[in-house]
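Student: Structure provided below as structure tokens; questions to follow.
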């Protein structure tokens, strides 16, 4: 299992892993997002990438992301191609989110597979890269780390927070930023 992560202020952070699942469609690649259930204690109703906290049976954080995606949106682990990892995203709630990127198996479509998930969204990357859908709402500082606050107006509620930062990182790396 991957060890604890600290930030520049030496605050120990708990780990979580998510996966930016890309799906091939005739209109171009889409991204699987979940709308979290309003009944959850943390981050209720927010848009997120499939993922969560490690369990003892997970051999690595990528295993955590794949297991959680299977539980939340029915992702078959076999046939999913993990492409790599994006930059860690520390959060003021005491977590560091470790995001992975992967191609879902051809023809697979996500579905609500857990009570933690209210709905599944599959926005095209072209929509996420549309300059009219993105804005920077401010800047934040937490434990000495500076970051921009991104928001994507693709749904109600909009995509914001740590997930929006991860999506922005993905779009920058594939050179699709607004």
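Student: Post the alpha-carbon centroid distance, the stretch 115-133 to the stretch 58-111, in whole angstrom.
Tutor: 16
Student: What ranking, highest mean first, results for peptides 12-23, 80-91 when packing means the other Cβ atoms within 10 Å averaged over each residue? Numbers along the way, then the final one.
Tutor: Values: 12-23: 20.7, 80-91: 15.3.
Order by mean packing, descending: 12-23, 80-91.
Student: Debye calculation, C-alpha points only, no solvent: report log10 I(q)/I(0) for the chain at q = 0.08, 0.11, 0.12, 0.15 Å⁻¹, in the same order as the q values.
Tutor: Here log10 of I(q) over I(0) equals -0.23, -0.44, -0.53, -0.85.
Student: Could you list 168, 142, 108 in order of exposure, starting from the residue whose Cβ has the fewest other Cβ atoms within 10 Å? Write down the numbers at each step before the final one.
Tutor: Values: 168 21, 142 14, 108 18.
Final ranking by Cβ density, sparse to dense: 142, 108, 168.
Student: Using a Gaussian network for the chain with springs between C-alpha atoms less than 10 Å apart, which of these wobbles most: 72, 116, 35?
Tutor: Among 72, 116, 35, the largest mean-square fluctuation in the Gaussian network model of the chain belongs to 116.
Student: Here's a follow-up. Would you compute, from DSSP H runs of 4+ residues alone, the mean residue ellipticity of the chain at 222 nm, taking -39500 (n - 2.57) per run and dividing by the full residue count, rounded to the nearest 500?
Tutor: On the way: 3 runs with 30 residues, N = 178.
Value at 222 nm, helices only, nearest 500: -5000 deg cm²/dmol.
Student: For the chain, calculate the relative contact order in percent as a whole number, restricting contacts to Cα pairs under 8 Å that are 6 or more residues apart. List each step's numbers first, then the result.
Tutor: Working: 384 pairs, mean separation 44.3, N = 178.
Relative contact order here is 25 percent.
Student: For the chain, modelled as a GNM with alpha-carbon contacts under 10 angstrom, which of 153, 132, 114 fluctuates the most?
Tutor: Comparing 153, 132, 114 in the GNM, the peak value goes to 132.
Every read-out reported here was derived from the displayed coordinates using simple, explicitly stated rules and does not represent laboratory data. As the structure is a prediction and not an experimental result, all values here were calculated from the model. Note: ideal-geometry Cβ built from the backbone for every residue, glycine included; neighbour counts use all protein chains shown.
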